[in-house]
Amino acid sequence: MNRRQPGLRVLLGVTGGIAAYKAVFIVRALREAGHRVRVIPTEAALEFVGRPTWEALSGEPVTTSVFEGATGVDHVALGRSADLVIVAPATADLLARAAAGRADDLLTTTLLTVTSPVLLAPAMHTEMWQHPATVANVATLRSRGVTVLDPDSGRLTGADTGPGRLPEPEAITAAALALVTPQDLAGRRVVVSAGGTREPLDPVRFLGNRSSGHQGATLALEAARRGAEVTLLAASIDASAREVAQHPAVEVVDVETTAELAAAVDTHTSGADVLVMAAAVADFRPASTADRKIKKDESAPDVVHLVQNPDILATVAARPRDGLLVVGFAAETGTQEEVLELGRSKARRKGADLLAVNAVGDGKGFGDVANAVTVLDRDGAQVGQAAGSKQDVARGLWDLIVPRLG
Ligand code: CTP
């Protein structure tokens, strides 16, 4: 575990299989998460996806031979500087060469110099995967501490099906990043609400708010990376927030109204360890909803009557909860001191175990922008702070939540 994410230096080896094109998505996902990626294809891999593609996507030079580095020791420098190594797809030939400790191209030479975690994602025909030579090579590599993923089962290059498919790029990326992320939420079940609830006035109009769902999505992703099984209760989150939350361990459940969110919270917190209410919940809803579009000439009301919605956070916090830790957010406006004072009284009122207070308005807080939260306990006492990008805030919040889990 060399350093905390993001900003890892990742080496991505690509070998010559038809699935090489899928490695393109691994480069993109890693870059989007803020990591540096150096691609080392084999000569055969370049038959499938060319050098310009790898260079353009990674923003780094691409070499396949040890003789291309100006100093002749490129592979040693590359291997030593890596925080994480992924080979995807890894052909039967690569597994054999790595198991034998061969050093006949830049990729295998580099594999002999790395000290970081290594993940290999094999892809080949079923017969090759099940051949005793490959089985023995995989066993050898695993006995040395290399993570070798099992290939997926399914349609292969031709008409054949069976084990041998490259796992999906998101699964490979998640498994690789898990090797360099503390798994302090392993075995935990986490529920995060995100976005903003909408209360319909008629079939086309609603009362809502500006929440994009980014903070909640980032919290869900960070929990999944740290080993949790996550349910993301998504109240009309942006498409980009939905993309942020993409992880094999995040299940997204879409909701619209506060009543739907309340029901989903009840269902999904049963047996869960943590509920984080990051959603901006509509406090009021129209007393009645027109079942046809309200027309401006006939039926437009002068006044919309509102009724109060249940407070989901306070309700869950107040009832017996069988070990469920409850975390709320408080979005407030005003000066720093006003925001904190409002946060303190909200913490006492809501009864959540933790309340993350942040200032909103003037472009702060909403959307994918920098953020800062002060975390209070149920008595309003400050227990910590987290600031920076939404990812930094998510990391800081989980750092405060984890030690409080039963
Ligand atoms: N919340 C909730 N149910 C509601 C309103 C809010 O569960 N009906 C949760 C939010 O998800 C958040 C916390 O309560 O975690 C605080 O939300 P916020 O909108 O800041 O507070 P309100 O209770 O709406 O109080 P006020 O409008 O007075 O600021």
Report task. Could you please find all residues in the stretch 280-312 being touching a residue at least 60 places away in the same chain (Cβ under 8 Å) and away from the ligand (no atom under 16 Å from the Cβ)? Result -> THR289, ALA290, ASP291, ARG292, LYS293, ILE294, VAL304
Report summary line: Within the stretch 341-373, the count of residues that are modelled with pLDDT of 95 or more, more than 9 Å from the ligand (Cβ to nearest atom) and either part of a loop (DSSP other than H, G, I, E, B) or of a type in the set (A, V, I, L, M) (or both) comes to 4
Query - Residues of the stretch 238-259 classified as outside any helix (DSSP H, G or I) and touching a Leu at 6+ places or on another chain (Cβ under 9 Å), total - result: 9
Requested in this report: Run down ARG189, ARG210, ARG225 and say which single residue is farther than 30 Å from LYS293 by Cβ, surrounded by fewer than 21 Cβ atoms within 10 Å (Cβ to Cβ) and either touching a Ser or Thr at 6+ places or on another chain (Cβ under 8 Å) or of a type in the set (Lys, Arg) (or both).
Outcome: ARG189
Requested in this report: Would you mind finding the one in THR333, THR315 that is open to solvent by 40 Å² or more (accessible area, probe 1.4 Å), in contact with a strand residue (DSSP E or B) (Cβ under 6 Å, 6 or more places away or on another chain) and within 13 Å of the ligand (Cβ to nearest atom)?
Outcome: THR333
Query raised in the report: Got a sec? Which of SER81, SER65 is open to solvent by 10 Å² or more (accessible area, probe 1.4 Å) and in contact with a Lys or Arg (Cβ under 7 Å, 6 or more places away or on another chain)?
Result: SER81
Report task. Could you list all residues from the stretch 239-279 that are in contact with a strand residue (DSSP E or B) (Cβ under 8 Å, 6 or more places away or on another chain) and away from the ligand (no atom under 16 Å from the Cβ)? Result -> ARG242, ALA245, HIS247, ALA249, VAL250, GLU251, VAL252, ASP254, GLY271, ASP273
Query raised in the report: For the stretch 163-186, which residues satisfy the criterion of being surrounded by fewer than 19 Cβ atoms within 10 Å (Cβ to Cβ), in a helix (DSSP H, G or I) and not charged (D, E, K, R)?
Result: ALA171, ALA175
Report summary line: Checking ALA300, ALA262, ALA234 in turn, the sole residue that is buried (at least 16 other Cβ atoms within 10 Å of the Cβ) and either over 20 Å from the mean Cα position of the chain (by Cα) or part of a loop (DSSP other than H, G, I, E, B) (or both) turns out to be ALA262
Report task. Please tell me if ALA194 is assigned to a helix (DSSP H, G or I), buried (at least 18 other Cβ atoms within 10 Å of the Cβ) and touching a strand residue (DSSP E or B) at 6+ places or on another chain (Cβ under 6 Å). Result -> no
Query raised in the report: Of THR147, THR108, THR42, which residue is free of Cβ contacts under 8 Å to residues at least 24 places away in the same chain and surrounded by 15 or more Cβ atoms within 10 Å (Cβ to Cβ)?
Result: THR108
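The values are calculated or read from the model by the stated rules, or taken from the named source; none is laboratory data. All of these numbers come straight from a predicted model, not from anything done at the bench. Backbone-built Cβ (ideal geometry, glycine too); neighbour counts: all protein chains shown. Heavy atoms of the whole protein, side chains included, go into the accessibility calculation; ligands, DNA and RNA do not. Shrake-Rupley method; radii C 1.70, N 1.55, O 1.52, S 1.80 Å.
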